[in-house]
1. Looking at this model, which pairs from Lys42/Lys65; Lys84/Lys108; Lys76/Lys103; Lys22/Lys83 are more than 26 angstrom apart at the alpha-carbon?
2. Starting from 0.36 nm per residue, how many nanometres of slack lie between Arg125 and Leu39 once their C-alpha separation is accounted for?
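Derivation of every value follows stated rules applied to the coordinates shown; laboratory data play no part. All values reported here derive from a predicted model rather than from experimental measurement.
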Amino acid sequence: FFLNNSLALHLASCKCKGYLGKEILFRVLAKFPEATRNLDKKGMLPLHRALDTEGMTAPSFEVIKMLLDAYPEAVKQIHRSTKKLPLHFAVHYFSDVGICNAKYIMSKYPAALGTLDYREQLPLRRVWYPV
């Protein structure tokens, strides 16, 4: 079902802060693992939503790992309007957790490093030019 243009797993993915948030995500994933493959009305997978928190804090590594364990091919899925891979979203965070997430995603899909988004920018451009 949709709520504010999102599926339950998408909402859990982007709101998963702290222990309770991770527990909710874990329970939703256990009940509906196939939901990791579903796009919301904005064309985002739960992994995209978890990583695209609009400049807020980076999602925990455990959240990213849970989502990728359930759907490993998500690292290769491009968001349709921004043409961003999960790595493009992950490099927005310059914290230890954000760097850990980006490194993990790179290890799962090294070709992402050479993929341009809709602005024709590589993911690691944000490291050198954060604006």
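1. Lys22/Lys83, as the Cα separations exceed 26 Å there.
2. Full extension of this stretch gives 28.3 nm more.
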